[in-house]
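The values are calculated or read from the model by the stated rules, or taken from the named source; none is laboratory data. These figures come from a predicted structure and were not determined experimentally. Using ideal geometry, Cβ is built from the backbone for each residue, glycine included, and neighbour counts are taken over all protein chains shown.
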Amino acid sequence: MGLKTPLFASHVAAGAKIVDFGGWDMPLHYGSQKEEHHAVRNTAGVFDVSHMTIVDLNGDRVREFLRYLLANDVARLQTPGKALYSAMLNDNGGVIDDLIVYFMHECWFRLIVNAATRDKDLAWMQKQAHDFSVTVTEVAGTAMLAVQGPKARELASGCVDAKWREAALALPPFTGMQAGQLFIARTGYTGEDGWEIVMPAAAAASTWDQLLAAGVAPCGLGARDTLRLEAAMNLYGTDMDETVSPLEAGMGWTIAWEPREREFIGRASLERKRSDPTLQRFVGLLLEDKGVLRNHQRVVVAGQGEGEITSGGYSPTMERSIALARLPAGQSESAAVDVRGKLLQVRIVPTPFVRNGKIRIKT
């Protein structure tokens, strides 16, 4: 038996198929992964993401510390509650983890990091924080729900006390706020609008029930994966890890190169990779033949060499098979994927595939 979130009993009662996910017993789906996917694209769905790790960083030099720790630059965060997506790198420029950082006030920043990387993330941050006199504290006793979809905020607003509701509904994208016992952020991992809500563990079950009563569909890990793939959002351990730099994972936009004098962990290595003409590129693939694209399938690019699918699967929105892949450097519009010994034709396309319910590429 694995670790359980405060909502485990609610998932079992709802008939969820429970699977192991990084040591946690989590819902894969509640009957139909496809229906859950469409619910998020068309109305609203809720995911239990209580397995994610919340870390508070405190100290007079916490901003200085984060400017050294992260590839993106928290100097950009000047308004309380504003958030930033970034990679935390090792000295070789590999991704230790990708995360969201919130500016709470000058002596307090909050990080949301991946569940599977919890132990190494905490150890790395604590090691680096020592010279800055910053305290690293895991926030315990909480639950976290992601309510996603075009009607997510509207349907979830009843969970927010009337005192805070108007401000919560007016939150700009990538901004969070404290609303009584809730921390609400307008963020997500689906390519749709919505909130991620942190609450005391004791409030999780009643909040979950309230959301379902409001018409929000319960959704599992299966739909979360197809939604994030359509939105071309990377999955740690699949699309990048400690051996892969942000430049090779489609995350170059998360690196703040300016100001040049800012030193951050991994910068020297990234500077070298940046000028490497053989650096692999990260692209989207759309299958032109019949079949299904899967992780780790070999991709053949004529005249350039071979690459590999990092994330692949069926897109319920597009009704086509799609993938993210790392390919050899160069320019090309087509390739072939080795599917059980047969080379199937794929088109190399820009990403995301789908965002805010709209298909973004010509099918």
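Remarks
- If you check 242, 263 for being outside the structural domain of residue 343 (by TED's automatic domain parsing), more than 12 Å from residue 323 (Cα to Cα) and either of a type in the set (S, T, N, Q) or out of contact with any Gly (no Cβ under 9 Å at 6 or more places or on another chain) (or both), only one passes: 263.
- The set of residues from segment 316-335 being part of a strand (DSSP E or B) and either farther than 10 Å from residue 293 by Cβ or touching a Pro at 6+ places or on another chain (Cβ under 7 Å) (or both) comprises 326, 327, 334, 335.
- Matching residues in segment 282-298 - criterion: being of a type in the set (Lys, Arg) and either over 24 Å from the mean Cα position of the chain (by Cα) or not assigned by TED's automatic domain parsing to the domain that holds residue 334 (or both): 290, 298
- Meeting the requirement of 1 or more residues that are buried (at least 20 other Cβ atoms within 10 Å of the Cβ), the strands (runs of 3 or more DSSP E) wholly within segment 1-101 are 24-29, 45-48, 53-58, 83-89.
- For segment 166-183, a residue qualifies if it is under 24 Å from residue 232 (Cα atoms) and assigned to a strand (DSSP E or B), and the qualifying residues are 175, 176.
- Those strands (runs of 3 or more DSSP E) lying entirely in segment 254-315 with at least 2 residues at pLDDT 95 or above, out of contact with any strand residue (DSSP E or B) (no Cβ under 6 Å at 6 or more places or on another chain) and farther than 29 Å from residue 76 by Cα: 305-315
- Selection within segment 190-207: residues that are free of Cβ contacts under 8 Å to residues at least 60 places away in the same chain and in contact with a strand residue (DSSP E or B) (Cβ under 9 Å, 6 or more places away or on another chain). The member of this set that is surrounded by the fewest Cβ atoms within 10 Å (Cβ to Cβ) is 200.
- Qualifying residue in segment 154-165 (condition: buried (at least 18 other Cβ atoms within 10 Å of the Cβ) and under 22 Å from residue 266 (Cα atoms)): no
- Residue within segment 215-222 that is modelled with pLDDT of 95 or more, hydrophobic (A, V, I, L, M, F, W, C) and more than 17 Å from the chain's Cα centre (by Cα) present: yes
- Answer from 43, 79 - the residue that is within 30 Å of residue 151 (Cβ to Cβ), more than 20 Å from the chain's Cα centre (by Cα) and not assigned by TED's automatic domain parsing to the domain that holds residue 151: 79
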